[in-house]
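Dropping a structure here in structure tokens format, bear with me for questions.
The values are calculated or read from the model by the stated rules, or taken from the named source; none is laboratory data. Since we're looking at a predicted model, the values are computed, not measured. Note that we place each Cβ from the backbone using ideal geometry, even for glycine, and neighbour counts take in every protein chain shown.
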Amino acid sequence: MGILQFLKSQFLSQLLICYVFLVSGLIINLLQICTLPLWLVSKQLARRINIRLGYCVSSQLVAVLEWWSGTECTLYTDPKSYPLYGNENAIVVLNHRYEIDFLCGWTLCDRFGVLGSSKVLAKKELSYVPVIGWMWYFLEIVFCKRKWEEDRRTVAQSLQNLHDYPENFWFLLFCEGTRFTSKKHQISMQVAESKGLPKLKYHLLPRTKGFWVTVQNLRGTAAAVYDSTLNFRNNEVPTLLEILNGRKYHADLYVRRIPLELIPEDEGECAAWLHKLYQEKDSFQEHYTQTGHFPGTIVSPPRQHWALINWLFWACLLLFPLGLLLVQLVSSGSILTILASVAVCSAASLGVRWMIGQTEIDKGSSYGNVKVPLNNN
């Protein structure tokens, strides 16, 4: 282990990274609150400002993945579709197997210049998580309670609000509704059997209602669906904690562009189309398992240095005064002051650990752990 890797693996380094992220995030949340009056004067200007403020938060996580961890991402896609990425609104359908699959999705967004404006269909509980959840509120993220009768109207309205969005955006969608686990997969395949649907080996059955509502309400706004399948080499299963430890991974991502007009408007036909899509995703995953690569041409979208610059800016801004404060505390010789500082650091560490815990598979939601009624797609 080299000196740099040793320093990356130390708890103090991880704590400083989390300190910069939390404090800068709270500052940005405060700046977002200050934009509230602007919404009444110029909605589009307020949106553009919040896109950039949101980028200041989410790009820090991308910088940790790409520059701290050094994780590589290889993109497999059709060269004819590649020039369109980042230049149109799109619905991105991702598989949901890893704790950092959302982060890989953000990395792709960053490389094509739509990270600040990217959207997601997220569970309502995440809106209460400091920094990320509060940031998402100002970015008009679509939140749902996973109770269809309550969600149908609110989700549709939130999507309708994006029709006049001032910049290109990607709407990231995990149609499986929850992360893949063996238990959830077993239950999902029991449901597939009861419905007469082909069984999937690497995915859960997709939840078709949310997909249909998304497509219907973004018709005329989004140009295409980007079917995306993510895998990591050597059967590795990365975690956010390992990324903070500086461990490097290599992700392979297969993306194919499907024009939105090819997706049926009828709900039943759209559901059948989505099930067929997931059968194809399963075959792509099987191809990867057997060959070690996806079909398609390898392209290399460049890393965006703005993510690194933004991260270094906040680190310099926040770590320098912190260092001065720590020197003053130690030189004061006050046991009470030092103990209070240790207590604050411990509390911050626990807070960070709780936030990381929201991404962990074994602490994920119970959604998908029980059978759903046959009429619930």
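Checking residue 74 against (1) at pLDDT 95 or above; (2) in contact with an Asp or Glu (Cβ under 8 Å, 6 or more places away or on another chain); (3) of a type in the set (Ser, Thr, Tyr), which test does it fail?
With (1) at pLDDT 95 or above; (2) in contact with an Asp or Glu (Cβ under 8 Å, 6 or more places away or on another chain); (3) of a type in the set (Ser, Thr, Tyr) applied to residue 74, the lone miss is (1).
Determine which member of the set 274, 204, 230 is buried (at least 18 other Cβ atoms within 10 Å of the Cβ) and either acidic (Asp, Glu) or assigned to a loop (DSSP other than H, G, I, E, B) (or both).
Being buried (at least 18 other Cβ atoms within 10 Å of the Cβ) and either acidic (Asp, Glu) or assigned to a loop (DSSP other than H, G, I, E, B) (or both) holds for just one of 274, 204, 230, which is 204.
Let me ask you something else. Any residue at all in region 234-248 that is in contact (Cβ under 8 Å) with a residue 24 or more places away in the chain and closer than 27 Å to residue 84 by Cβ?
Checked against the condition, which is being in contact (Cβ under 8 Å) with a residue 24 or more places away in the chain and closer than 27 Å to residue 84 by Cβ, region 234-248 yields no hits at all.
For residues that are under 27 Å from residue 114 (Cβ atoms) and not in a helix (DSSP H, G or I), tally how many sit in region 277-305.
So the count comes out to 12.
Being farther than 23 Å from residue 84 by Cα, in contact with a Phe, Trp or Tyr (Cβ under 9 Å, 6 or more places away or on another chain) and either of a type in the set (D, E, K, R) or buried (at least 16 other Cβ atoms within 10 Å of the Cβ) (or both) is the filter here, so list the residues in region 277-314 that pass it.
Correct list: 282, 285, 286, 288, 308, 310, 311, 314.
Run residue 53 past the list (1) of a type in the set (A, V, I, L, M, F, W, C); (2) out of contact with any Phe, Trp or Tyr (no Cβ under 8 Å at 6 or more places or on another chain); (3) in contact (Cβ under 8 Å) with a residue 40 or more places away in the chain and report the number of the one that doesn't hold.
Evaluating residue 53 over (1) of a type in the set (A, V, I, L, M, F, W, C); (2) out of contact with any Phe, Trp or Tyr (no Cβ under 8 Å at 6 or more places or on another chain); (3) in contact (Cβ under 8 Å) with a residue 40 or more places away in the chain leaves (2) as the failure.
Something else now. Does residue 323 qualify as being closer than 28 Å to residue 245 by Cβ and either of a type in the set (A, V, I, L, M) or at pLDDT below 65 (or both)?
Against the criterion (closer than 28 Å to residue 245 by Cβ and either of a type in the set (A, V, I, L, M) or at pLDDT below 65 (or both)), residue 323 does not qualify.
For region 233-243, which residues satisfy the criterion of being in a loop (DSSP other than H, G, I, E, B) and under 17 Å from the mean Cα position of the chain (by Cα)? Working first, answer last.
Taking region 233-243 as the starting set, the residues that turn out to be in a loop (DSSP other than H, G, I, E, B) are 236-239.
237, 238, 239, listed by residue number.
Identify, please: which residue in region 179-217 is in contact (Cβ under 8 Å) with a residue 40 or more places away in the chain and of a type in the set (Lys, Arg) and is, among those, farthest from residue 228 (Cα to Cα)?
195
Mind checking whether some residue in region 104-113 is more than 12 Å from the chain's Cα centre (by Cα), surrounded by fewer than 18 Cβ atoms within 10 Å (Cβ to Cβ), in contact (Cβ under 8 Å) with a residue 24 or more places away in the chain and over 16 Å from residue 54 (Cα atoms)?
No: zero hits.
Any residue that is in a helix (DSSP H, G or I) and surrounded by 21 or more Cβ atoms within 10 Å (Cβ to Cβ) - is there at least one of those in region 149-156?
Scanning region 149-156, I find at least one residue that is in a helix (DSSP H, G or I) and surrounded by 21 or more Cβ atoms within 10 Å (Cβ to Cβ), so the answer is yes.
Would you check if there is a residue in region 35-44 being at pLDDT 95 or above and buried (at least 19 other Cβ atoms within 10 Å of the Cβ)?
no
Further question on the same structure: Looking at region 237-250, can you tell me whether even one residue there is over 30 Å from residue 18 (Cα atoms) and either surrounded by fewer than 20 Cβ atoms within 10 Å (Cβ to Cβ) or modelled with pLDDT under 90 (or both)? Break it down stepwise before answering.
Here is the first cut: in region 237-250, the residues over 30 Å from residue 18 (Cα atoms) are none.
No, the conditions are met nowhere in region 237-250.
Return the only residue of 153, 97 being closer than 20 Å to residue 274 by Cα and at pLDDT below 90.
Among 153, 97, only 97 is closer than 20 Å to residue 274 by Cα and at pLDDT below 90.
Something else now. All but one of (1) out of contact with any helix residue (DSSP H, G or I) (no Cβ under 9 Å at 6 or more places or on another chain); (2) at pLDDT below 95; (3) polar (S, T, N, Q) hold for residue 127; which doesn't?
Every listed condition holds for residue 127 apart from (1).
For every residue, the table says whether it meets (1) more than 21 Å from residue 100 (Cα to Cα); (2) under 21 Å from the mean Cα position of the chain (by Cα).
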{"residue": "7", "(1), (2)": "yes, no"}
{"residue": "23", "(1), (2)": "yes, yes"}
{"residue": "31", "(1), (2)": "yes, no"}
{"residue": "35", "(1), (2)": "yes, no"}
{"residue": "43", "(1), (2)": "yes, no"}
{"residue": "57", "(1), (2)": "no, yes"}
{"residue": "62", "(1), (2)": "no, yes"}
{"residue": "79", "(1), (2)": "yes, no"}
{"residue": "89", "(1), (2)": "yes, yes"}
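Also, quick follow-up: Hey, among 31, 61, which residue is closer than 16 Å to residue 133 by Cα and either surrounded by fewer than 17 Cβ atoms within 10 Å (Cβ to Cβ) or among the small types (Gly, Ala, Ser) (or both)? If you could, list the steps in order and put the result at the bottom.
Working: 61 fails: either surrounded by fewer than 17 Cβ atoms within 10 Å (Cβ to Cβ) or among the small types (Gly, Ala, Ser) (or both).
Checking each option against the conditions leaves just 31.
Do we have any residue at all in region 216-224 that's over 20 Å from the mean Cα position of the chain (by Cα) and within 29 Å of residue 186 (Cβ to Cβ)?
Checked region 216-224: no residue is over 20 Å from the mean Cα position of the chain (by Cα) and within 29 Å of residue 186 (Cβ to Cβ).
Please determine whether any residue of region 222-229 is farther than 18 Å from residue 289 by Cβ, without any contact (Cβ under 8 Å) to a residue 40 or more places away in the chain, out of contact with any strand residue (DSSP E or B) (no Cβ under 6 Å at 6 or more places or on another chain) and of a type outside the set (Phe, Trp, Tyr).
No, the conditions are met nowhere in region 222-229.
Read through the list (1) of a type outside the set (Phe, Trp, Tyr); (2) in a helix (DSSP H, G or I); (3) modelled with pLDDT of 90 or more; (4) touching a helix residue (DSSP H, G or I) at 6+ places or on another chain (Cβ under 6 Å), then give the number of the only condition that residue 166 fails.
Unmet for residue 166, out of (1) of a type outside the set (Phe, Trp, Tyr); (2) in a helix (DSSP H, G or I); (3) modelled with pLDDT of 90 or more; (4) touching a helix residue (DSSP H, G or I) at 6+ places or on another chain (Cβ under 6 Å): (2).
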